[in-house]
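Notes follow once the structure below has been shown.
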Amino acid sequence: MLRNDTDSWGAPAKLFHWLMAALIFAQIALGLLAASWRLSPTKIELFFWHKSTGMLILALLALRLLWRLANRTPELPVGMPAWERAAARASHGLLYLLMIAQPVTGWIINSASNVPFRIFWLIPLPAIVTPDQALADLFALIHRGLFATLAFVLVAHIVAALRHHFVKRNSVLIRMLPWRTR
């Protein structure tokens, strides 16, 4: 099933979801390792992969948003309270916002630090701000704050999916699983 329907997500939506989840968790590990590593070629390599993965996530997010706009969203379970529906919409909106803000703030840090960069050694990343170390430092703080927010929202997202599956016993989690076709 390619397209979403009223009961389930289609294969492209599931692929985007799980691919981006894997990339985001890899990105978290890369960022934490790079930030804590002593200054060395390894630290530079970790940041290279962190930055390249961030730009990949941003590109995939653009495709994911286009797919989502072109497809209906499966309906939430009947009887789900209004506050839960609002929380689901708000948390998904916040996840999308954070998936945009994290790579963009990282891009600003890179630009303001005046560091030339090629995504996966191939695509030059143009500067989006002029070199300014104070701006780079400010956006590094913002980037870390957004990371903490993203970590919190991801945990809430995972806990909510597990709650729907194990406590409420509805199909919210099951319909996003990649091996489920209907």
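All of the numbers you see were taken from the coordinates with simple rules; none came from a lab. As the structure is a prediction and not an experimental result, all values here were calculated from the model. Every residue, glycine as well, gets a Cβ built from its backbone with ideal geometry; the counts of neighbours run over all protein chains shown.
Summary table below
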{"quantity": "Label of the coordinate-derived value, Cα Rg over 2.2 N^0.38 Å, listed as (1) 1.16; (2) 1.42; (3) 2.08", "calculated": "(1)"}
{"quantity": "Helix axis angle, 133-166 relative to the chain longest principal axis, alpha carbon, degrees", "calculated": "20"}
{"quantity": "Sequence ranges 157-166, 44-53, ranked by mean other-Cβ count within 10 angstrom, highest first", "calculated": "44-53, 157-166"}
{"quantity": "Residues of type lysines that residue 51 reaches as a straight line, Cα spacing below 18 Å, ignoring anything fewer than 8 places off in the same chain", "calculated": "43"}
{"quantity": "The chain: angle of helix 11-36 to the longest principal axis, Cα-based, in degrees nearest 10", "calculated": "40"}
{"quantity": "Sequence of 119, 174 once ranked by neighbouring C-beta atoms within 10 Å, starting from the fewest", "calculated": "174, 119"}
{"quantity": "Test item: Cα-centred dipole of the chain, Lys/Arg +1 and Asp/Glu -1 on Cβ, debye", "calculated": "580"}
{"quantity": "For the chain, built as a Gaussian network whose Cα springs stay under 10 Å, the top-fluctuating residue of 94, 141, 39", "calculated": "39"}
{"quantity": "Expected 222 nm ellipticity per residue - DSSP helices of 4 or more, -39500 (n - 2.57), all of the chain, to 500", "calculated": "-24000 deg cm²/dmol"}
{"quantity": "Qualifying lysines (Cα of each under 25 Å from Cα of residue 168; at least 8 residues distant if same chain)", "calculated": "14"}
{"quantity": "Dipole axis of segment 1-149 (+1 Lys, Arg; -1 Asp, Glu on Cβ), positive-most option in 108, 81, 17", "calculated": "17"}
{"quantity": "Interchain or long-range residues, amide H under 5 Å from residue 119's placed H", "calculated": "125"}
{"quantity": "Given charges at Cβ of Lys, Arg, Asp, Glu: segment 11-176 dipole, positive-most of 42, 166, 149", "calculated": "166"}
